[in-house]
1. Take Phe94 and decide whether it is modelled with pLDDT of 95 or more and either of a type in the set (A, V, I, L, M) or crowded, with 17+ Cβ neighbours inside 10 Å (or both).
2. Just give me the residues in segment 46-64 being among the basic types (Lys, Arg) and either within 22 Å of Ala134 (Cβ to Cβ) or modelled with pLDDT of 95 or more (or both), in sequence order.
3. Anything in segment 117-135 that is free of Cβ contacts under 8 Å to residues at least 24 places away in the same chain and either closer than 18 Å to Ile66 by Cα or in contact with a Phe, Trp or Tyr (Cβ under 9 Å, 6 or more places away or on another chain) (or both)? List them, or say none.
4. Check Arg143, Arg100 and return the single one that is free of Cβ contacts under 8 Å to residues at least 40 places away in the same chain and surrounded by 14 or more Cβ atoms within 10 Å (Cβ to Cβ).
Amino acid sequence: MAVSANANDAGRRRTWLIGAALLIGIATSAGAADHPNPAEVAQLVHARQDHFHALGKATKSLREQIGRANPDWALVASDANQIERLAAALPTWFPAGSGRGHGIKTKARAKIWAQPQAFASAAKTLSTRAQDLAQIVASHDPRALRLSARALGQACGSCHHQFRAHSSWW
């Protein structure tokens, strides 16, 4: 039985809202303490990683559709909207105290918290590119979609280059 796009969107919104509530609750309690609770930081980092996995999944699906001669525009729109929502929320995924140093594996560099204006600027660029992508989908123009997706990818790469630690094999 196929799941309707509206049911998928409702599920995604519900997942996003639960994650956002969890992040806000943990961020509030972690920020209130001089020494954040390692279990709370672990929850926060895992929620952040789950959000990034959802972002990656939507981006991968979008790339697959871009590569097709006849993209499924409903799926493209769903992916673009998911990317737009997640990109807009991204700055909230990095509250103070959620970096390394708590026995939690994270690739987030300390530069995120040391240079918050630079991080906010990179996150804003990503959000703007995601908004542009979501708006372009309505045109059903494959060339414009590819160009917008490329700009989005460049924003992702720029942020990763500055604020994400790389694996040792890179």
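The values are calculated or read from the model by the stated rules, or taken from the named source; none is laboratory data. Not measured: the values here are computed from a predicted model. Reconstructed Cβ throughout: ideal geometry from the backbone, glycine too, with neighbour counts over all protein chains shown.
1. So Phe94 fails the test.
2. At the first step, the residues of segment 46-64 found to be among the basic types (Lys, Arg) are 48, 57, 60, 63.
The answer is Lys57, Lys60, Arg63.
3. Asp132, Gln135, listed by residue number.
4. Arg100
Here is a yes/no grid of residues against (1) of a type in the set (A, V, I, L, M, F, W, C); (2) modelled with pLDDT of 95 or more:
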site: Gly101; (1), (2): no, no
site: Ala123; (1), (2): yes, yes
site: Ser127; (1), (2): no, yes
site: Ala130; (1), (2): yes, yes
site: Val137; (1), (2): yes, yes
site: His140; (1), (2): no, yes
site: Leu147; (1), (2): yes, yes
